[in-house]
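Since the structure comes first, as structure tokens, the remarks are kept for the end.
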Amino acid sequence: MKKREQSALNASDISSSLRCPLCHETVTIDDLKSIKCCNNHTFDFAKQGYVNMLQKPVSSQYDDTLFHARHNIITEADLYEPIHKKIAELIQPEAEEYTLLFDAGSGEGSHLQSILDQVNDKNIRGIGLDISKEGIIMAGKHYDQPLWFVGDLANPPLKDQSCKYILNFLSPANYSEFKRILTQDGLIIKIIPGSGYLQEIRHALFNNTAESQYENNDTVELMKKNVEIISEERMTYTKNLDEAALKNLISMTPLGWHAERDQIETFSSQGNKDITVDMHLVIAKDKQAI
Ligand SMILES: [Zn+2]
């Protein structure tokens, strides 16, 4: 079976949780080729298995190089493995029905896939959405199981109260949409960088200038205004990376985009550096939820 058809088949299992991004009506999977609503708005499965829900292309600063680097850092260097594991422990399948884990801002999909691998339960179904088509194409190429959408976080093609888990990994949030699509007992799982995150890169490239400081206060304040925080856990650890991994790390982080080329070379060519991962894992629910 072709990838496009396999994805359409996967989507048909969960089509009752989807909605048309244009008219917000119910959709069905049409002939294992497209997602179609009752008003005939049609979105085709691409050959890599993803579906583009955007009306016009959006340009982003994220390109193939960045997503390749990110893919390698997540899947080969395993930089975030302890965090994926922790998140997987939170994910509980419903007894009879499928349960949706929606990755809001999934990029090239490796965080979501890694968590799904850890959960290892067929009833947990992953959906990844990102505005970057390059990211989603790569996700579709690498990972068959989740459903991948190019789309707008302000208008995800998901019905009200359809998702039990929303993952928001180092990515901007849209709380009004999160609350709309979250089930009554649903959880938002947000990963926010802590002050020590990638501090070795910041020290090497920016010498502790203002640019080298990560601030997450605004992110947490915004979150508190919109949703009820249930728990917050800080995870800090280091991981030793070789030269290739350091190069990938620098090219995937915004820190590297503002640095001089020779600084980047000097930093990564030394190889075998301990790199700090420092994250806040914040779990929240809708304030209105029971
Ligand atoms: Zn429609």
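Of the helices (runs of 4 or more DSSP H) lying entirely inside the range 183-290, those containing at least 2 residues that are more than 22 Å from D63 (Cα to Cα) are 199-206, 217-226, 261-269. For G196, the conditions (1) out of contact with any Pro (no Cβ under 9 Å at 6 or more places or on another chain); (2) open to solvent by 30 Å² or more (accessible area, probe 1.4 Å) are fulfilled apart from (2).
For the residues L153, L116, the requirement of being in contact with an Asp or Glu (Cβ under 9 Å, 6 or more places away or on another chain) and of a type outside the set (V, I, T) singles out L153. Screening the range 109-133 for residues that are part of a helix (DSSP H, G or I) and touching a Phe, Trp or Tyr at 6+ places or on another chain (Cβ under 6 Å) and picking the one that is farthest from S176 (Cα to Cα) gives Q113. Do we find that D242 is acidic (D, E), open to solvent by 30 Å² or more (accessible area, probe 1.4 Å) and farther than 30 Å from N155 by Cβ in this structure? When the stated conditions are applied, D242 passes them. For the range 144-155, the set of residues classified as buried (at least 22 other Cβ atoms within 10 Å of the Cβ) and either farther than 21 Å from D13 by Cα or in contact with a Gly (Cβ under 6 Å, 6 or more places away or on another chain) (or both) consists of P146, W148, listed by residue number.
The values are calculated or read from the model by the stated rules, or taken from the named source; none is laboratory data. No experiment lies behind these values; they were computed from the predicted model shown. Cβ coordinates were reconstructed from backbone atoms using ideal geometry, including for glycine residues, and neighbour counts include every protein chain displayed. The accessibility values were calculated without ligands, DNA or RNA, using every heavy atom of the protein model including side chains. Shrake-Rupley method; radii C 1.70, N 1.55, O 1.52, S 1.80 Å.
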